[in-house]
Amino acid sequence: MIAIYFSVKLEHMSDQWVRVSEIGEYIYCRRAWWLRRMVGYRSVNLDQMQGGASYHQQHYKQVRSGVRLQQIYRIALWIMGIATTLALLWWFLQIV
């Protein structure tokens, strides 16, 4: 019964997906979102939009490299901690 309900429900859903950027556009200006999505109008600020897209792509790359550096730093700290523990253990066993 539940499977039938969901299959019927899915048949009536729209095939158009709403992206996160569209939600931001809708919150900023509902009319602009409607004109672009439903009517097909395009913005006249294509140069500014392209500049913003390239800026966000560059920012994404910088953030991603920062995350990689943090991961490398954490791994290096773990290795140094384990090496220090083993060295202290070896030194302690040499004394006893």
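FYI, it's all coordinate maths here, none of it is from the lab. Note that this is a predicted model, so its numbers are computed, not measured. When we count neighbours, we look across all protein chains shown, and the Cβ atoms used for this are built from the backbone with ideal geometry, even at glycine.
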* Asked: Taking θ as phi - 60°, what are the ³J(HN,Hα) couplings along segment 65-73 by the Karplus curve (6.51, -1.76, 1.60), each to the nearest whole Hz, with x for Gly and Pro?
  -> 5, x, 5, 4, 5, 5, 5, 4, 4
* Inter-probe distance in nm under a simple model that places probes 7 Å from Cα toward Cβ, at LEU77 and ALA32 -> 4.2
* Asked: For segment 50-57, what does the Karplus curve 6.51 cos²θ - 1.76 cosθ + 1.60, with θ = phi - 60°, yield as ³J(HN,Hα) per residue in whole Hz, taken in order and with x for Gly and Pro?
  -> 5, x, x, 5, 5, 4, 5, 5
